[in-house]
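Where a number appears in this text, it was derived from the coordinates with a stated rule and is not lab data. Since this is a predicted model, take the numbers as computed values, not measurements. No Cβ is skipped: glycine too gets one built from the backbone with ideal geometry, and neighbour counts run over all protein chains shown.
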C-alpha cells in the first residue's frame with residue numbers, strides 16, 4: 001500500500017487555496033454538527049435508561065471559559081457590533097482565516113485581488129441559511145442572536161472581498177471602456193452587496209426592521225443573480241459554489257416548511273388558527289400545536305399569517321412563548337407581544353375592536369433553554385414583556401426547587417414596567433422558606 005503522506009501533500013499543493021479554505025470550513029462545521037448530535041443522542045439514551053436528566057461534559061474549565069466569553073465589552077465595541085468577548089474572538093479567527101487565504105502563496109498583488117473574488121463567492125455559502133435562523137441555530141446549538149451576528153459579519157467580510165476584487169477595474173479602466181456588460185454586471189454586484197451593509201445596521205434594524213429585511217432580500221437576490229451571470233460569462237469554476245449556496249438555501253427553507261406542514265397537517269380539519277386579544281396594552285396570541293412537539297422555557301415560534309395584510313404575507317415575526325396548557329389532543333400555547341410599529345401594531349388595533357382569528361402556519365418552537373441547575377441564587381432583571389419570557393423559567397425553577405431537583409434556593413425577579421413615560425419597579429423573591437407565597 002503506498003504511503004498516504006506524500007499523496008496528501010501533493011493533493012494540498014495542487015489544490016487552490018480558496019478550495020482548501022472551503023474544505024476546512026466544511027470539515028469544522030461537520031465536526032461541530034457531529035459533536036452536538038452525538039451529545040444529544042447520549043443524553044437521550046441516558047434519560048431512557050435512568051429516567052433522569054444528566055448533564056454530561058461538565059467541567060470547571062468549561063464554566064470558567066463561559067464566564068470569560070460572555071463578559072460584555074466596552075460600549076464603543078458594542079457600537080461596532082462586537083458586544084462580547086466570544087464575538088471578538090470569533091471575529092478575530094474569521095479575519096485571520098480570510099487574510100491567510102488571501103495572502104498565502106500569492107506571487108503578486110494582482111493575484112491576491114483575483115483570489116479575493118473566489119473567497120467572496122465561498123463566503124456566500126454560510127449566508128444561505130434559509131428563510132429562518134431557527135432551524136440552523138437549533139442544529140448548531142447556538143443562540144439565534146449569535147447566528148444572526150455571524151451572518152452579518154460573514155456578509156461584511158464578503159463585501160470586503162468584493163471591493164478588493166473590484167479594485168482590478170481601476171487598472172482595466174485606463175485602457176478599456178467599462179460600458180460593456182462584461183464590466184457593468186460585476187459593478188452592479190459590488191454596489192448591491194455594499195448597499196446591504198447600511199440597510200442592515202443596528203440603527204435601521206431597530207427602527208425599521210421589516211423595511212431593512214425587505215431591502216436586504218431584494219439586494220441579495222439582485223447580487224446573486226448578477227454574480228451568477230458574471231461567473232458563467234467568465235466560465236469560472238466557482239459558479240458551482242454559488243449554485244451550491246442557492247441549493248443549500250432552498251433545501252433548508254423547504255425543510256423548515258415541510259416540518260411545519262407535517263406537524264400541523266393543514267389538509268385535516270380543523271385548520272390551525274391564531275386567536276388574538278388586546279389586554280393591558282399587550283397583544284396576546286393563542287395557537288395550538290401537536291402534543292408530540294416538546295416545549296421548553298425560553299423558546300419562540302414564528303408565525304406566517306398571510307391573510308392579516310399584504311405586508312404580513314412576506315413576514316415571519318417572532319413571538320416568545322409565555323406559557324402553555326395541555327389538552328386531550330393538542331397543546332395551547334400563549335404568547336405576548338408589544339404593539340410596536342409594524343405588523344404587531346396592526347394586529348393589536350384589529351384585536352381592540354374585537355377578538356380576531358387568522359389562519360396561521362407555525363414555524364417552531366425553536367431555541368435551547370438555559371441551564372440554571374447548578375446555581376443556588378438566581379436574579380432575573382426583566383423589562384416589560386421580558387417578564388413573560390422568563391415566566392416559564394420561573395415556574396420550572398420553583399417547581400424543581402420544591403421537588404429538590406435543582407440547587408436553586410433563592411430566586412429574585414426585578415421587573416420594570418413602563419407606565420406612560422415613567423417606569424415602575426416590582427420585585428418578587430422566592431426562598432426555600434417562602435415557597436407558598438411566591439406566585
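What to note about this one:
- Computed over the range 273-366: relative contact order in percent, which uses C-alpha pairs under 8 Å that are six or more apart: 42
- Label point distance in nm, residue 89-residue 395, each placed 7 Å from Cα along Cα→Cβ: 3.6
- Rounded if a/c under 1.5, otherwise prolate or oblate - the range 350-393, Cα gyration tensor axes: oblate
- Prolate/oblate/rounded label for the range 163-304 (Cα gyration tensor, a/c 1.5): prolate
- Gain upon complete extension [residue 374, residue 259; 0.36 nm per residue less C-alpha separation]: 38.0 nm
- Between the alpha-carbon centres of the range 339-386 and the range 93-128 there is a gap of 41 Å.
- Fewest-first ranking of 154, 301, 279, using other Cβ atoms within 10 Å as the exposure measure: 279, 154, 301
- With a Förster radius of 25 Å applied to the beta-carbon distance between residue 97 and residue 232, the computed FRET efficiency rounds to 0.35.
- Computed over the alpha-carbon atoms, the range 273-366 gives an Rg to Rh ratio of 0.94, Rh here being the Kirkwood radius from the mean inverse distance.
- Distance (nanometres) between label positions extended 7 Å along Cα→Cβ at residue 417 and residue 323: 1.5
- Cβ crowding within 10 Å, taken as a proxy for footprinting-reagent exposure, orders 335, 407 from fewest neighbours to most as 407, 335.
- In terms of other Cβ atoms within 10 Å, 162, 167 run from fewest to most in the order 167, 162.
- Base-10 log of normalised Debye intensity for the range 227-296 (one unit scatterer per alpha-carbon) at q = 0.17, 0.24 Å⁻¹: -0.79, -1.08
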